Structure formats: structure tokens, C-alpha cells
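Colleague: One structure coming up, written as C-alpha cells, with questions to follow.
The values are calculated or read from the model by the stated rules, or taken from the named source; none is laboratory data. Not measured: the values here are computed from a predicted model. All Cβ positions, even for glycine, are placed from backbone atoms using ideal geometry, and neighbour counts span all protein chains on display.
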Amino acid sequence: MTAPALIARELCVSFHKAGGSVQVIHDVCFEIAPGETLALVGESGSGKSVTSMALMRLLGKANRVSLSGQVLLPGASDGDFVDLLAVDDHAIRRLRGRRIAMIFQEPLTALNPVQRIGAQIAEAVRFHGGCSRRAARARALELLEQVGIPEPRSRLDSYPHELSGGMRQRVVIAIALAMEPEVLIADEPTTALDVTVQAQILALLKQLQRDNGMAMLFITHDFGVVSEVADRVAVMYAGRVVEEGAVGAVLERPLMPYTAGLLASVPKLELAGLPGAPLATIEGSVPDPARLPEGCSFHPRCREYRPGICDGAVPPLADLPGARRIRCARAGEWIASEESSHAD
Amino acid sequence: MGRYLIGRLGQSVVVLFLVSLIGFMILNLAPGGPLSQFALTPGMSQADIQRLAVQMGLDRPLIVQYIDWLGRLLRGDWGESFRDGRPVLAIIVEHLWATLLLMGTSMAISIVVGTLVGIAGAIRRYSIFDYLATVGAMVALSIPTFWFGLVAIYLFALKLAWLPAGNMITIGDGSVLDYLHHLVMPALVLALVNVAIWSRYMRSSTLDVLHQDFVRTARAKGLPRYRVLVHHIVRNALLPMITLGGLQLPTILGGALVAETVFTWPGMGRLFLDSIGYSDYPVVMGILMLSAIFVLLGNLLADLLVALADPRVRLA
């Protein structure tokens, strides 16, 4: 197996406010191999975006946010790593955009409204590559072609408001790809787009990933998108990873009740006139990170809740065969029933 | 663009006409008037006053006076002062450059210092500097300029004797250094309020931009900190400041009534006040029209500059 392109180890994030500090991300661990896509899934407020921002240290000043754990990129020699959370401010800026890049949810606001798009792309090249303006502009043109923008030469001098949402997202992708990063974090890159444009952007990302062999962390709440792009999926709830595994396995046989609930609440396409199953929902909402329930954070909303088992200690992320992990107090029962169903 | 400018200029002509009409009428409806100062002059008979009125054209109906004044103005004749018979335009120009010197200097200080203080306060929000700047701005905005002026005169002119207490030059001197020496105190006192205004606007404008998605994009590119600050944050935060500058432009011409009085600065503010006192209507009307022109020009200039600086804005 090749060495991972990105490793997150026991990543924790706390926000400090006047009333005290609140931990919003707890012990998040994952690895992504080169060319692999890990989808990070969860409801709004589950901590997936905060996780992605924390990986690049984009969350804010040290007096407002504290990060712990490790975010590792391969170092200069084999078996050597660079910890993004440990390097100084100058070093992290040299890594951002060059080795780890990010694309964002809102293409409409992700670009500087008063700067031409060619300049915004070239800027990403110029400050890392130390190359001339002319070379950076040539690279920007190349990138616009690569992300499929029609008439790229004339678009170099366009302003963001002159482009459609899908085109702007392509520009954002071009900026992220400028230095051919090893890791690309995509924070709900298609959520704000029309369905047809969504499919185009997903196809583009997959193709670029094939070409560059990037590792991709794809954040989404849409299981349709997950099955489309991801190799593996990690489900987050209340700042913790609660289930992780290969996409096929998790989507077909979710073991953690939260994952099962999420999958059941995905609307299926029904033909008019035919009776469809009523849409399942998960009762309640994601808890306030400042007042997480005791034990498993999900137990107040869980259908499989057993008093005394689920509300004791926070269950560990248990390793299962097939590179699968779940965080559930009743994990043993699910594994047993899984095995017996296989035996049948 | 051409059509836009023609449209704006057309609007301006209408506004100027209304300003002139309303200004003229209000001025003449006020009690007193240019002849009242002669009423108590010994040896001045009613017939003498009547003769003066005929001589100055004040015996005619108000509307006729207005049309006559407007007609001359359109031909470039601003009229003569009631006080000393000199051409209004010459009197205004004399005072104008004194005001431009004072207000221009003070405005330049305010914009530069205010903008920098605002940016620093925003990026170091809730720091000691930010608190001091906020409190300082509140103090500067809530205490009247004349008080600051008097305190400054007391301290720097009377007690320390570093700076002159008023006037624009020392009689018999008039070198550049002498001008600057007289300029320092009124310019800084006047700047105090405007630094406060500019820093507050710039601070909130910068805070608005600071948390925009495109700033995060710029950071994620790995740009150096100054590059993010200058090209992405400040560049966008300055856009609303252009409009503020346009609104403040006329005050450069209007002068500062209070500050010019406190520092006996021979500018437009004092000319305006004196002219009202003497019921010197031609001069008052001249200043009024010039101020209106500056207000319109300031707004037009601001709109043009915004369109130039912000590609999303279209002039239509």
C-alpha cells in the first residue's frame, strides 16, 4: 500500500468565547491515499466544514481557536512527515495552495469581486512559484483551459460577476489546482449549483483527480454525490467520526444507527401515482457542542437507544474487518448480527 | 457614459436652479435686509435710504430682482458686494484659497490617518489599540470643535507658546514656513473629528470584508499576509469610502465656520458668516451657489470613481 497523502490524527478543535471554550471537533482521525477520495458526510453543524478548515489552519487566530492533534503530509524523505498544525505561520502559508488546496461551497462569493479572474489565478502561482507575471498569466490560461472554460483567453480579463455560478466554481477549482497540490479539500463544491452543473463539476473533479493523482477530501451532506465521487466515506456527528468504510459497504449496510437514519432520509425518486415509502426523518437536531449528551452524542435521537449502555461513556471508534470503523456503544451486537446474516 | 454624464448634468442644472430660487427668496424674506444698517445712521433721512434702494435695485419686486440676478449669473457676472462694491467672485476667490489650504490639509490628514486607524482596529479587533481608537473616536465626535480649538490655543499658544493662536500669516512675514506654522493647529484640530469619522467607517467596512469568502480563498492560496490585506481586504473595504469622500468634498469649500472663527482664519466659513451679518446678499448667494455646485460635483465624482473602482457598478 502506498503511503497516505494526508493523515489526520486525533484532530481536536475548540473555540474560545467570552463564556468559556467549546470543543467542537473531537479526535477526528483519517487517512487518504494518493488518488483516493474520502467523503466526509454529516448534517449541518456536525463539524465537517470546521474539520476541513482546521486541516489548513484557516479557522482564525490562536486566541480564538485552538487546534490539537496532527495533520500530516509526507515529508522530504520516506517515513518523514510535516505536521501542518506544528509548523510556523510562514511555513503553513508556503504549504497552503502548493501542497494542500481547497475549494469552497459558494462560488458566488469565493472570488474577489474587484480582481480579474486571470489575476486571481496567477496570484496563486506567482507567490509560490516565484515566477514572472508573464509566466503566471500563461499558467492561468492553461488552467482555465484545463477546467473547461470556453474562450479562456478572453476570460482571463473577466471579472467574477461576468461569469455564471458553474463557471466561477471552475475558476475556484483552477485556483486550487494552480500548484498541482497533492491534497484537495472540496467543501460542498456543488451544493450551490444547479443539478446539471453539479454533474459537470463532479465529472471535472474526478477527471482532474485521475490526471493529477490528488488525494481528495470531499465534504458533502448529499449521499448521491458520495456514491458518485467517493471511494471511502466517513460519517460525522457532533464533531466525531461515527462510521467509516468503503462507500459500497457503508451505503449498503450502514452499521451505526445514525448512518442508517441519514441514508433512510434521502429522498428517492418516485413515479407519480405510485405509492412511495414515506420519507424517514431523524427526530430532533444536532446537539449544541457546548452541551453534548453524556455517552454517545447521538443517543437522545437514536432508535436503538438502550439506557445504561448508550449514555455511559463515549464509545470508542471500533475497528472492524474490511477497513471499517464504527463508534457505537452497541457495535458488538451489530457486528454479530452482520456475521449471522452472512452465515445464513 | 456620455449619455449618463449628460443626464447627470441636466439633473444638476435643475437642482442648481431650485437652490438659487429658494435661497434667494428665503434670504430676502428674512427681516432686516441690506438697508436696515443705515436706519440708525445719524443724518440719514428716509429719502436717502429710498435713494439707496433705487440705486441698489432693491425697490423692484423680488421676482424681478431674482431674474435680473440670475440673468447676470448666467452671463458670468456674479454681481457686486453690497458692503464694498467689489465683485463677488473676486471676494470669494480671495477667501477660497485660504479655506482650500486649511480644509485640504486637514482632510488629507483625516483620510490617511483615519483609514489606517480603521484598518488596524478591524484586523486587531478588541485589542487594546482597538479599544483606545474606539473611545478616542467617541470623545472626538462628542466634544465640539470649538472646545478642542480653545484648549489647543490655551495649551500650545498661551502656555507653551509653540504655535500662533490664529490668523494665516504673521504680518510682514508670509514665507512658506510661516504659513505652515499657522496651519498646524487649526488643521489638526479640524482633522480630529474627521479622523474619528473616517476611522469608524473604515473599521466597519474592513470588518465586513474580513469574513468574506474570497478572503478565505486568498488565504487558502497561501498568499503572504500583506498581500491578502492590501489586495483583497483593503481594496474592497475602500469602495464605500469613495462615497464618503464625495460627501465630504463640499465641506472643503464650505470651510469650517467654527474652526475659522476660533482661529481667525480668513476662509469661506467666516466670509459666509460676515456676509450674512451684513446682509450682503450677492456674496451670500455666490457662496450658496458655489457650495451647491461643489455638492453636485462631489457626488458625481464619487459615483464616477466608484464605477471606476468597482467593476460590478455600471453607470446608467
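Colleague: Residues that are farther than 28 Å from B:Val209 by Cα and not in a helix (DSSP H, G or I): does the stretch B:140-154 have at least one?
Modeller: Taking every residue of the stretch B:140-154 in turn, at least one turns out to be farther than 28 Å from B:Val209 by Cα and not in a helix (DSSP H, G or I).
Colleague: Given (1) small (Gly, Ala, Ser); (2) surrounded by 23 or more Cβ atoms within 10 Å (Cβ to Cβ); (3) within 18 Å of the chain's Cα centre (by Cα); (4) within 14 Å of chain B (Cβ to nearest Cβ), identify the lone condition not met by A:Ala192.
Modeller: It is condition (2) that A:Ala192 fails.
Colleague: What are the residues in the stretch B:197-221 that are buried (at least 23 other Cβ atoms within 10 Å of the Cβ) and small (Gly, Ala, Ser), if any?
Modeller: B:Ser199, B:Ser205, B:Ala218, B:Ala220, listed by residue number.
Colleague: Here's a follow-up. Criterion first (within 14 Å of chain A (Cβ to nearest Cβ), of a type outside the set (Lys, Arg) and either surrounded by 17 or more Cβ atoms within 10 Å (Cβ to Cβ) or not in a helix (DSSP H, G or I) (or both)) does B:Asn236 satisfy it? Explain how you work it out, then say what you get.
Modeller: On the way: within 14 Å of chain A (Cβ to nearest Cβ): yes; of a type outside the set (Lys, Arg): yes; either surrounded by 17 or more Cβ atoms within 10 Å (Cβ to Cβ) or not in a helix (DSSP H, G or I) (or both): yes.
So B:Asn236 fits the description; yes.
Colleague: Look at B:Ala220 and say whether it is out of contact with any helix residue (DSSP H, G or I) (no Cβ under 7 Å at 6 or more places or on another chain) and within 27 Å of B:Val13 (Cβ to Cβ).
Modeller: no
Colleague: Related question: Which of the residues that make up the stretch B:55-84 are at pLDDT 85 or above, in a helix (DSSP H, G or I) and under 19 Å from B:Leu29 (Cα atoms)?
Modeller: Within the stretch B:55-84, B:Leu62, B:Ile63, B:Val64, B:Gln65, B:Tyr66, B:Ile67, B:Asp68, B:Trp69, B:Leu70 qualify.
Colleague: Would you pick out the residues in the stretch A:295-344 that are among the small types (Gly, Ala, Ser), out of contact with any Leu (no Cβ under 9 Å at 6 or more places or on another chain) and surrounded by 14 or more Cβ atoms within 10 Å (Cβ to Cβ)? Before you say what the answer is, go through the steps one by one.
Modeller: To start, the set of residues in the stretch A:295-344 that are among the small types (Gly, Ala, Ser) comprises A:295, A:297, A:308, A:312-313, A:318, A:322-323, A:329, A:331-332, A:336-337, A:340-341, A:343.
Pick out the ones that are also out of contact with any Leu (no Cβ under 9 Å at 6 or more places or on another chain) and you get A:295, A:297, A:308, A:312-313, A:318, A:322-323, A:329, A:332, A:336-337, A:340-341, A:343.
Residues satisfying the conditions are A:Gly295, A:Ser297, A:Ala318, A:Ala329.
Colleague: Do we find a residue being among the β-branched types (Val, Ile, Thr), in contact with a Pro (Cβ under 7 Å, 6 or more places away or on another chain) and assigned to a loop (DSSP other than H, G, I, E, B) anywhere in the stretch A:2-25?
Modeller: Checked the stretch A:2-25: at least one residue is among the β-branched types (Val, Ile, Thr), in contact with a Pro (Cβ under 7 Å, 6 or more places away or on another chain) and assigned to a loop (DSSP other than H, G, I, E, B).
Colleague: Which one is nearest to the other protein chains (Cβ to nearest Cβ) among residues in the stretch A:54-99 that are in a helix (DSSP H, G or I) and without any contact (Cβ under 8 Å) to a residue 12 or more places away in the chain?
Modeller: A:Arg93
Colleague: What number of residues within the stretch B:209-233 are more than 10 Å from chain A (Cβ to nearest Cβ) and either of a type in the set (Ser, Thr, Tyr) or not in a helix (DSSP H, G or I) (or both)?
Modeller: Number satisfying all stated conditions: 1.
Colleague: Here's something else I'd like to know. Would you point out the residue of the stretch B:18-56, among those that are under 26 Å from the mean Cα position of the chain (by Cα) and surrounded by 12 or more Cβ atoms within 10 Å (Cβ to Cβ), that is farthest from B:Val313 (Cα to Cα)?
Modeller: B:Asn28
Colleague: Are any of the residues in the stretch B:193-204 touching a helix residue (DSSP H, G or I) at 6+ places or on another chain (Cβ under 8 Å) and on the phi > 0 side of the Ramachandran plot?
Modeller: no
Colleague: Here is a list: A:Glu106, A:Glu142. Which entry is at pLDDT 90 or above, among the acidic types (Asp, Glu) and within 29 Å of A:Leu73 (Cβ to Cβ)?
Modeller: Answer to the selection: A:Glu142.
Let's see how each residue does on (1) β-branched (Val, Ile, Thr); (2) within 29 Å of A:Ala18 (Cα to Cα); (3) in contact with a Ser or Thr (Cβ under 7 Å, 6 or more places away or on another chain):
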| residue | (1), (2), (3) |
| --- | --- |
| B:Trp97 | no, no, no |
| B:Leu102 | no, no, no |
| B:Met107 | no, no, no |
| B:Gly118 | no, yes, yes |
| B:Arg125 | no, yes, no |
| B:Asp130 | no, yes, no |
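Colleague: If you check A:Val233, A:Val197, A:Val226, which single one turns out to be among the aliphatic types (A, V, I, L, M) and at pLDDT below 90? It would help to see each step written out before you state the result.
Modeller: Working: A:Val233 fails: at pLDDT below 90; A:Val226 fails: at pLDDT below 90.
The match here is A:Val197.
Colleague: B:Met168 - would you say it is in a loop (DSSP other than H, G, I, E, B) and under 20 Å from the mean Cα position of the chain (by Cα)?
Modeller: Yes: the conditions hold for B:Met168.
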